[in-house]
Structure formats: C-alpha cells, structure tokens
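One structure is given here, and the rest of the page talks about it.
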Amino acid sequence: ADFDAKKKRKVAEIYQALNSDPINVATLRRMAISEGGLLTDEIRRKVWPKLLSVNTDDLPPLPARKELREDNKDFQQVLLDVRRSLRRFPPGMPDDQREGLQEELIDIILHVLQRNPQLHYYQGYHDIVVTFLLVVGDRLATALVEKLSTHHLRDFMDSTMDNTKHILNYLMPIIDQVNPEVHDFMQSAEVGTIFALSWLITWFGHVLSDFRHVVRLYDFFLACHPLMPIYFAAVIVLHREQEVLDCECDMASVHHLLSQIPQDLPYESLISKAGDLFVQFPPSELAKEAAQAAQAERTAASTFKDFELASVQQRPDTVLRQRFRERLRGEERLRGEERTKSILTKPRTNRFVKLAVMGLTVALGAAALAMVKSALEWAPKFQLQIFP
C-alpha cells in the first residue's frame, strides 16, 4: 500500500509538472530518473517528447510508403534487420498486428534517414526505434527518433565507427575509478570493450528480454547526458565484480561472461549508482583517460581489421590477443612507473562520496542534450555484424 501511495504521489507530481506554464522540464527529468521512472506508457507518451523538446502539436505527416522505399540504399538492410526483430514484440501479439508494426518500423527508419542524409544506418538502430514505436505509435515515434538521432545517437550514425569506439573508451576509466581491481583484471585478460558494443548502440534494447526494463532505462537515458548509457554499462560490470574476478583471466572467458547480460539485474539501484558515478566522475574528467585508451589502441593493438573480426565473430580473435600481448608487455613496464607516480599524487578519497540521485537534475539540466564531441579520427567503416 505504501508503494501505491508513493506511485500516486509521483503521478500527481508528473501531471502537475506537465500542466504548469511553462512546463516544468526539470521536474519531469527528475521523475524519469528517480525510482520507477515514468511508471506507465501513457505518461511516457506525454513526457518523452518534453524530455527531447519535441513539439507534438506540429508533427510532420509521414510520407507515402512506396516513395520512401523506392531507390533507398538502406532499404534492404533495414528490411533484413526488422524481419529478424521478432522477439522485440510482445509475446502473444497476433502475427498480422506485429507485421503491421514491422512495416511501420521500416517506414520510420527510412523517413529519418531520408530527411537527414548526414546520418548513416547501423545494425541495432532498429532496436531503439522499435521501443519508441511500441510506446508512442508511429507518428510521434518518427519525431522523437529523429531528434534522438541528431543528438544522443549522433555518434553511432557517423559514416565510420570512430566516435562509437571513442565512447566505448570511457568504460574502463569509469570502472577504474570505482574498482581498480576489476579494472586491472579486465586489462590482464585483454578483454577490451566489444562486449558492451551492442548494449551501447541499442540502449540495451537488444539484450534485455523484458520490455518493462527497456522502457525504464529509456526514461533514464532520455533524461540524462548522452554518455549515460556507458556509465550504466560500467555499473553492470561493477555489479558483477565477484563473477568477473572468479572467471578465468583470459579474453575468451571474460568476454563470454560479460557479453551474457543477466536478466535479473537490480535496475533501480544500478540506475541510481550510474547517476552517482556520472556526478562524481563527469565525462570531462574521464576524457583524458579515454583518449589515452584510444591512443594505446591506435598505436599497437587494433587496426580496424582486428576490431572488425572481433565484432563479426563475437568471439576473441587470435591476432588481437597477440597484438594485445605485445602491447601489454610494453605497457606493464610503463604502468609500474605510472602507478607509483599516481598513487603518490592521486588518493582515491572521493570514490565513496554518495550523491543522491535527486541532485542529478542540477548537474544534468543544461547538459542533457549536449552532443558528445569526439576529436579522434580513425579508419574506414565496416559492416558491424554483431547481432545474431
């Protein structure tokens, strides 16, 4: 009963924020982040557009299906991905209804790409779009996804994978801040960050089987900075500390363990932790370590070919391991010297500073739609085959 009372209060507060003039977006953000998120799809339909500053009174009409699909360079790939997306629809949904939604899904994707030629389709994009389609319907989903694609997802939609790879480079520095032991274990195992790629570029839509968990995370991500999904990925790894440390310390074993995401995660406490970590270790503070990670990879380990192999096969590749070993031997020497220096200069005192998740809004307000700019430029794009 206590929970119900809390829920009722929250619903009332959300509607109050929606009805105030101007709309109280800061409160809506806080509601989306705090326990339980936005609670119902009916509320999401009203609040998600506000979190993305999309004007729902003025939605453009959807173009005719035939025109969209003729001569569209992405049509075949989108069609293949959408056909394979059966499990993203509620179990028990009648086939004809699901097929109708899959056609709408194709239209939304092609429409956004047609209107924004600078955006490039990637496999996994449809996992994000289908979440919006199921919650808000095709017309509103098109507007929200377009805004999202030009902001939060912009880095995944470049013609190369460089910026996506750059965002993945934030993962290890976050883990290192909280748990150096797990960080060092993963470094020794040479596991890299590919295991988190499909989490990141689908906002976990592809890997979580319960739709309620997916939309709860979308509430959170929509209310936050575009880099929040990588903090959430780090929190999942940290949550599994014991399993990781008990694992064989080699690439194949650790990669296998981490890429199988547990379905019974304590979402609310992980969301709260990710929020705390973002406030404690904002991206600007981690940027230097992320750039160093990129530098290390660029010099020795990963020519893009290796990255491609690891992704295509979703299993560690011998070339990669060999390169990593050579690099690690060099790094071990450096690290010994570095460690001594950094232990003397940088006590980890603030690691356990607990920040209430409610304080997030202050930190996030202006930054919420900030685009992640990344100055690193690398190699050619390849087709990512990381999805079964």
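Is there a pair in LYS147/LYS288; LYS66/LYS165; LYS10/LYS50 whose C-alpha atoms are over 25 Å apart, and which pairs would that be?
Among LYS147/LYS288; LYS66/LYS165; LYS10/LYS50, the Cα-Cα distance tops 25 Å for LYS147/LYS288; LYS66/LYS165.
Can you tell me how the stretch 34-102 classifies by the Cα gyration tensor, rounded, prolate or oblate, using a/c under 1.5 as the rounded cut?
Because a/c hits 1.5 or more and a/b fails to exceed b/c, the stretch 34-102 counts as oblate.
Working out 0.36 nm times the residue gap between SER253 and GLU181, then minus their Cα-Cα distance, what length gain in nm do you get to one decimal?
Extending this stretch completely gives an extra 24.2 nm.
How far is it, in nm, from the label point at ASP158 to the one at ASP264 when both lie 7 Å from their Cα along the line to the Cβ?
4.1
Estimate the FRET efficiency between PHE3 and THR40 by the formula 1/(1 + (r/R0)^6), using the beta-carbon distance for r and 22 Å for R0, to the nearest 0.05.
Efficiency, rounded to the nearest 0.05: 0.90.
Within the stretch 46-77, what residues put their amide N at less than 20 Å from the label point 7 Å along the Cα-to-Cβ vector of GLU13?
Only 46-52 pass the distance filter.
Measure out, as a whole number of angstrom, how far apart the alpha-carbon centroids of the stretch 123-162 and the stretch 199-238 sit.
If you average the Cα positions of each part, the centres end up 14 Å apart.
If I model a spin label as a point 7 Å beyond the Cα along the Cα-Cβ vector, how far apart are those points for ASN55 and ASP210 in nm?
4.0
Provide the gained length on full extension for the span ALA287 to ASP74, in nm with one decimal, where the gain is 0.36 nm per separating residue minus the Cα-Cα distance.
Gain on stretching ALA287 to ASP74: 73.3 nm.
Length gain on complete extension for the stretch SER188 to ILE23, per 0.36 nm per residue less the alpha carbon to alpha carbon distance? Provide the component values of the computation, followed by the final result.
Numbers: separation 165, 0.36 × 165 = 59.40 nm, distance 5.02 nm.
In short, 54.4 nm is gained.
Determine the relative contact order of the stretch 161-313: mean sequence separation of Cα pairs under 8 Å and six or more apart, normalised by residue count, in whole percent. Numbers along the way, then the final one.
On the way: 125 pairs, mean separation 53.0, N = 153.
RCO, the stretch 161-313: 35 percent.
Using label points projected 7 Å from each Cα along Cα→Cβ, tell me how many nm separate VAL279 and HIS239, to one decimal.
Label-label distance for VAL279 and HIS239, simple model: 2.0 nm.
May I ask you to derive the relative contact order of the stretch 1-156, considering only C-alpha pairs under 8 Å and at least 6 residues apart, and to give it as an integer percent?
24
Bear in mind these aren't lab numbers, they're just calculated from the coordinates by the rules spelled out. Note that the coordinates shown come from a computational prediction; the quantities given were computed from them, not determined experimentally. Don't worry about glycine lacking a Cβ; one is built from the backbone with ideal geometry, like all the others, and counts go over all protein chains shown.
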